[in-house]
């Protein structure tokens, strides 16, 4: 009995699996994740808290973008095109897209 047909079948099966799965992996890699928006909201909240602490601000005070920019590592850009709102020190920053994937948990 020849093993050649079995080897050809396995090679064919591997090629089909790669052809089906590869586009999905490429698409997933190039699509920005919602987790990056939440991580940036966390950075914004930390920047606000640091600004308030260093400048002796109360929880009702609201920083401007130029005031917190020195506390950020990256520019404030939502990967899905949303707009960030800082709010007061006591409030969590918000993304205009909203939903669970663009909102900091309380």
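Scanning segment 45-66 for residues that are in contact with a helix residue (DSSP H, G or I) (Cβ under 7 Å, 6 or more places away or on another chain) and either surrounded by fewer than 17 Cβ atoms within 10 Å (Cβ to Cβ) or within 17 Å of residue 101 (Cβ to Cβ) (or both) yields 50, 61. The residues of segment 70-93 that are within 20 Å of residue 38 (Cβ to Cβ) and not in a loop (DSSP other than H, G, I, E, B), listed by number, are 71, 84, 85. The single condition from (1) modelled with pLDDT of 70 or more; (2) in a helix (DSSP H, G or I); (3) surrounded by 10 or more Cβ atoms within 10 Å (Cβ to Cβ) that residue 20 fails is (3).
The values are calculated or read from the model by the stated rules, or taken from the named source; none is laboratory data. Everything numeric here is computed off the predicted structure, so don't read it as measured data. Because the Cβ atoms are built from the backbone with ideal geometry, glycine has one as well, and the counts that use them run over all protein chains shown.
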